Structures are given as C-alpha cells and as structure tokens.
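Q: My questions all concern the structure below.
The values are calculated or read from the model by the stated rules, or taken from the named source; none is laboratory data. Please read these numbers as outputs of a predicted model, since none were measured by experiment. Cβ atoms come from the backbone with ideal geometry, glycine included; neighbour counts cover every protein chain shown. With ligands, DNA and RNA removed, areas are computed over all heavy atoms of the protein, side chains included. Shrake-Rupley method; radii C 1.70, N 1.55, O 1.52, S 1.80 Å.
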Amino acid sequence: MTLETQGWTMAMMLLSGLLMGTSFDGYRVVSHELRFPRWIMPVLDIAFWVITSLAVFRVLYASNEGEVRAFVFLGLLIGICLYYLLFSRAVIKLSKWLIVAMRAIVHFLVRLTDILLIRPVIGIYRVIRVLTGFAVVFSIFLFRIVLQLIRPLGILFLWILGPLLRPLDRQLGQLLVRWKVQEKAARVSNGFIQAWKRICRK
C-alpha cells in the first residue's frame, strides 16, 4: 500500500467516523422523539450498527480494496472524537428542529386536507341529504294534492259507470255463490263416500 493510498484511506476513515457520530446522534434523537416501544429498541440498535459497519467497510473497500490496518481504526476513532467535540450539540439541535418541522408540516397537511377535502365532502353530503329529504316530502305533498284533485273525478267516473258495473257485480256474486255451493256439495259427497267405504270395510 502506497503512502498516498494510506493518506486517502486515513481521510476516508476520518470522514466515516464523523458520519458515524452524526448518524448515531440522529438515531438517538429520532428514537427518543418518536418514542418507539422498548421491546423494539434492541432490534433497532443491532440493525443500526450492522448497517453502519457495512457502510464503513464499503468505504474502506473503495479506498484501499478492503485492507484493514491499524490506522483505519485510528482514523475512525479520531473522526468520532472530533465529531463529539465539535459537532454533536449542533447535530442534536438540528435533528430536533427537523423533527419539529416535519411534525408541523404533517399537521399542516392534515389540517389542509381536512379543510379543503374532507369538510367540503361532508358538507356536500349533508346538503344533498337535506335536499333529498325536502324533495321526498315535497313529492308526497304534491301527490296528496293531486289525489285530492282527482278524487271528485273518480267519484264522478264511478257514478257514471255504476249502471254498467252493477250487472257485472251481480254475475260475479252469483258465480261466487255457485262456487261455494259446489264446494260444499263436493265436501258432503266426499264425506259420504268415505263413510260408505268404512261401512263396507266393516
């Protein structure tokens, strides 16, 4: 490994240490502000360190094809120490501000959606419901008025057709009487036949 490659690897590890510190502080702030359940925190911690280790190894592989030397760990340590001495407080404040800003944006979008979409839809639904009810009531009222207006005409029509309908009513009545008589006769004959069959069996 040449001296230039070592210097480049040292610089990349220094930068990786700074980014590791930044990521860790950001992860701590996010997990604290979002209040994840306690049972999931160990899983998230393991996932964070696995992802961070893979990212550092990827940087190391890009800088010196993955050769691990003592100065690699020294560069990481120096980068992490520099970060916590110079940038940690600023990154934590910035992370908290970004979370507050994201919450405000989400709250604003929810309120905007409620004002521009949900409330108008609910208002239109209520108006349509009221208009539909009014239309139904008005239709029933008009129907009753029409019935009251037509009723005299119907009475007059029945009075005019009365002489024509009376013979039909009489014939219908006679048919009903005949049908009832025949039905009763059929019942009596069936009863007589059943009684005669019983007598014959004895």
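Q: Of the heavy-atom accessible surface of the range 40-120 (probe 1.4 angstrom), what whole percent is carbon and sulfur?
A: Exposed carbon and sulfur together represent 77 percent of the surface.
Q: How far is it, in nm, from the label point at residue 148 to the one at residue 94 when both lie 7 Å from their Cα along the line to the Cβ?
A: Simple spin-label model gives 8.1 nm for this pair.
Q: Sort 11-23, 132-144, 73-85, 51-63 for me by packing, meaning the mean count of neighbouring Cβ atoms within 10 Å per residue, highest on top.
A: Working: 11-23: 19.1, 132-144: 10.0, 73-85: 16.5, 51-63: 14.2.
Sorting 11-23, 132-144, 73-85, 51-63 by mean packing, highest first, produces 11-23, 73-85, 51-63, 132-144.
Q: Suppose all protein chains stay in the model; what accessible area per residue would a 1.4 Å probe give for the range 1-127, in Å²?
A: Each residue of the range 1-127 exposes 74 Å² on average to a 1.4 Å probe.
Q: Shifting gears a bit: Give the whole-number value, in cubic angstrom per residue, of the convex hull volume spanned by the C-alpha atoms of the range 1-139.
A: Spelled out: Cα convex hull of the range 1-139, divided by residues, is 173 Å³.
Q: Based on the Cβ-Cβ distance of residue 68 and residue 23, what FRET efficiency does E = 1/(1 + (r/R0)^6) give at R0 = 35 Å, to the nearest 0.05?
A: Efficiency, from the Cβ-Cβ distance: 0.95.
Q: Could you pull the accessible area for residue 149 with a 1.4 Å probe, rounded to 10 Å²?
A: 120 Å²
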